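The values are calculated or read from the model by the stated rules, or taken from the named source; none is laboratory data. Quick caveat: nothing in here was measured; it's all calculated off a predicted structure. For neighbour counting, all protein chains shown are included, and Cβ atoms are generated from backbone atoms with ideal geometry for every residue, glycine included.
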Amino acid sequence: MAGNKSLKAAVRAKEDEFYTQLTDIEKELRHYKQHFRGKTILCNCDDPFESNFFKYFVLNFNRLGIKKLIATCYSGSPIANQQLSLFDVLGSGEENANKPYKAIVTQVYDQTGDGGVDMLDVAELFKNGVNELVELTGDGDFRSEECLALMDESDIVVTNPPFSLFREYVSTLLEHNKHFIIIGSQNAITYKEFFPLLMQNKVWLGYGNGDMSFRVPEYFEARETRFWVDEDGQKWRSLGNIAWFTNLDIRKRHEEMILVRRYNISEYPGYDNYDAIEVSKTADIPCDFTGVMGVPITFMYKYNPDQFEIVGLVNGKDYLAGIKTTKNYKDYEETRQNGTKTGSGGGKINGNPVLRGKPKSGNYFVLNDEVVHSTYARIFIRNKHPEEVNK
Ligand SMILES: C[S@@+](CC[C@H](N)C(=O)[O-])C[C@H]1O[C@@H](n2cnc3c(N)ncnc32)[C@H](O)[C@@H]1O
């Protein structure tokens, strides 16, 4: 890698170090229990002695009926092998520091004889060779040959992957035909590489969403918001737009949204440049509208493919998926609500739909007849079984 590029990659990698809490993992994974029995689970961005994904699966190994658990960690991770417990297993010493390992677990039982199974038993079972903990030959990159071979051996991949490599991570999973449960940013919904997967029902959203707190390494700098240090000196960051993504079937996906509103022209204005109505809150989707509706991206948390069809997405300049605007504006501009151009995006072409007439919500700003802006991305959907229109 050229100097500048590798530096950028290193900076990005450092910003990827958000460690997921066990409680968040438990809250999500309880919905997938039926999928784990007899399966090989891979956590491929996970230091076995730091990651709570590894901890969750190893401590629930027998209860979930898992066949094999594999975890690999990345040498670029600042916490790789920094924990005493791993040195305990490997024998402490410089030679073991910052090396990527793979952990392969096929049996979990009370080895220490204290009547329960905990991480000490797991460490002992590595030490005495019942399970395997060996150094990887490469750096533990999920794209490396040896890690891809482990992926091919696994049935389900479960982790919080590096945020900066999310697109590549997902495409690797799909190329290798894997089932998965992963954490990502809600913004991924609108990525041009990712949205088509949602639209084609190849991936969907899991249960948890919104705010999540993560442990972060010592080198993370203090910030005014969404950052704190706990009584043990551990640094934390929270993120407000976290989502779980999966391609495993879950009950939620088959639950129908109960629609209580009915369409009327004054409450559901149409767009000027696309034949659809604006529904600014998912809960307000009218039960009887037969045409296309523009909804916020958070609709995806409620999406049931038997109830709705997704016809497209418009997300600013980025992407027009499946959408042909009925009017070809020359002068879309990214503007603030008050009409001034935004710093980075000002003046760029923007294909978002625009409300007809004067919007009352203020979500959309119309500068003049030809220069228009919408602030929010919209997903376009159609109800597959609209109720009959009241006459
Ligand atoms: C968001 S953190 C999550 C860590 C852990 N999975 C968890 O949930 O606590 C992403 C992890 O991926 C690791 N990572 C970064 N680049 C990677 C790569 N190319 N291959 C594998 N892991 C990588 C980082 O070091 C980091 O520990």
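Tabulated values for the structure
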quantity: Test: residue in the stretch 229-245 that is within 14 Å of residue 214 (Cβ to Cβ), free of Cβ contacts under 8 Å to residues at least 12 places away in the same chain and not assigned by TED's automatic domain parsing to the domain that holds residue 302; calculated: yes
quantity: Subset of the stretch 148-168 that is without any contact (Cβ under 8 Å) to a residue 40 or more places away in the chain and within 10 Å of the ligand (Cβ to nearest atom) - its residue that is farthest from residue 48 (Cα to Cα); calculated: 168
quantity: Within the stretch 98-116, considering residues that are touching a Pro at 6+ places or on another chain (Cβ under 9 Å) and of a type outside the set (Phe, Trp, Tyr), the one surrounded by the most Cβ atoms within 10 Å (Cβ to Cβ); calculated: 103
quantity: Condition check for residue 164: small (Gly, Ala, Ser), buried (at least 20 other Cβ atoms within 10 Å of the Cβ) and outside the structural domain of residue 307 (by TED's automatic domain parsing); calculated: no
quantity: Only one of 216, 203 that is surrounded by 15 or more Cβ atoms within 10 Å (Cβ to Cβ), within 13 Å of the ligand (Cβ to nearest atom) and modelled with pLDDT of 90 or more; calculated: 216
quantity: All positions within the stretch 48-85 that are at pLDDT 95 or above, surrounded by fewer than 18 Cβ atoms within 10 Å (Cβ to Cβ) and in contact with an Asp or Glu (Cβ under 9 Å, 6 or more places away or on another chain); calculated: 67
quantity: Some residue of the stretch 194-202 being touching a Leu at 6+ places or on another chain (Cβ under 6 Å), farther than 25 Å from residue 30 by Cβ and in contact (Cβ under 8 Å) with a residue 12 or more places away in the chain; calculated: yes
